[in-house]
Amino acid sequence: MLNAQAHTERRDLPTMPEFYDGTFPRLRVLAPAGWLLFVWLCMLLMLGAVGYLDAELDACLSDAWVALRESDIDFAAGSAARAFSGVTLVITLTLAVASVIWAASAFYGKAPEYRCRTILVVSIFLVVAGSLALWVNFGVMPFSTRLGQALLQREQSVRPFFEYISPPALMFAAACIVPGVLLAGATILLQPMGRPQAHGPLLLQLSVLFQRLRELDHMLYLGALTLVFGTLQLSAGLSIPLAGMPKTADIKLAAELCKTMAPAGASGTFFAGSSAAPAGDGAFEARCRKLPAALARADGVESLRQLVRGLTLCFGLAFSAMLAAIYVPALIGLRLMLEERPLWLGPSAATQSQVEKLDIGEVDPVRRIAAIVATLSPLLAGLVANAFSSV
């Protein structure tokens with residue numbers, strides 16, 4: 001009798017496989033994986049439908065290719081851009097590792113059978129989505145387009161030890177793996193629980209569900225930070241070759257200055273028709289003579305900058321959509337599990353007061369403002385990166 005009672009008490013503890021009822025799959029459990037795969041496939045289909053993944057004609061890229069090949073290298077500006085890119089890459093990879101550790105810790109205390117099935121679901125998602133991503137990126141059209149790939153590959157380390165480390169490859173792998181890791185954490189938190197026959201175990205279930213809700217929020221914040229710095233890293237990597245390229249407005253201002261300061265008898269594009277005093281030792285004239293070529297490349301440079309802004313915003317929006325596809329179904333699933341259990345307690349005033357102490361209002365949508373901001377943070381990071389690149 002005592003052994004049976006002790007066994008029952010141990011089974012009621014939330015540190016055991018958290019009341020798993022052995023049912024799988026359920027719509028709630030598979031909802032995050034289904035929505036994430038749906039969003040991923042829709043993005044691929046719509047990118048193809050609008051022609052983004054079509055092959056780029058060389059004639060359409062001529063100005064940008066010329067600007068990219070013939071751009072003057074500004075060592076100081078390029079070094080500053082590479083430093084920012086390296087720091088954001090470190091932070092992104094660190095947060096990606098932290099996401100893996102968080103997902104692994106979320107598996108603690110769950111039923112072994114459910115853990116295995118969660119790993120199977122996530123593995124299937126990674127195989128399907130990863131295979132499509134590899135095929136599209138390397139077999140159809142790079143997600144960053146040919147010009148974007150040229151920008152990412154333009155500045156590589158010349159030191160033998162670092163030349164084998166490819167930041168674009170690392171970021172591409174992180175962009176595929178991080179959503180899968182977050183999906184694993186969200187799915188494991190949705191482990192189904194059976195209906196207990198007593199009020200005590202049921203209240204324990206509510207406590208477990210509130211703990212899962214907090215873990216889900218932490219997962220969202222960590223994943224959002226990872227994708228925010230991933231968006232900043234993308235912008236920084238694309239902007240390295242553009243760091244030394246002057247802006248069109250600066251070139252036009254210099255051209256006006258050359259016209260104003262040109263000697264009276266000077267000839268050439270920027271020296272005609274001016275009665276200003278002589279410019280001096282010839283260095284000024286030499287710089288002015290380079291302006292026609294720089295102005296001819298200005299359109300290509302501006303198209304490259306527009307490409308960087310567009311790609312940063314596009315990827316930020318895509319990351320926000322993937323975060324929402326994981327978080328919202330998981331939040332709805334946990335909320336449904338929380339809302340149905342107080343109905344099982346009955347009309348007892350004592351048990352109802354215990355439920356009120358658990359503060360079920362914590363899952364009210366009004367209190368999810370921080371979660372909404374975190375979901376949109378990759379998009380906001382893209383907007384901020386574009387704002388700084390325009391300064």
Original post:
Points 7 angstrom from Cα along the Cβ direction at VAL127 and GLN149: gap in nanometres?
Top reply: 2.7 nm
Original post:
Can you give the net charge of the other residues whose Cβ lies under 13 Å from the Cβ of GLY185, counting K and R as +1 and D and E as -1?
Top reply: +2
**OP:** Provide the packing ranking of 229-235, 319-325, 101-107, 301-307, i.e. peptides ordered by the mean count of other C-beta atoms within 10 Å per residue, highest first.
**Re:** 229-235, 319-325, 301-307, 101-107
Subject >> For PHE38, solvent-accessible area (1.4 Å; no DNA, RNA or ligand), Å² >> reply: 110 Å²
Original post:
Length gain on complete extension for the stretch ILE372 to VAL97, per 0.36 nm per residue less the alpha carbon to alpha carbon distance?
Top reply: 96.6 nm
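The values are calculated or read from the model by the stated rules, or taken from the named source; none is laboratory data. A quick note: this is a predicted structure, and the numbers were derived from the prediction, not measured. A quick note on method: Cβ atoms are made from the backbone with ideal geometry, for glycine too, and the neighbour counts reach across all protein chains shown. Accessible surface areas use protein heavy atoms only, side chains included; no ligands, DNA or RNA. Shrake-Rupley method; radii C 1.70, N 1.55, O 1.52, S 1.80 Å.
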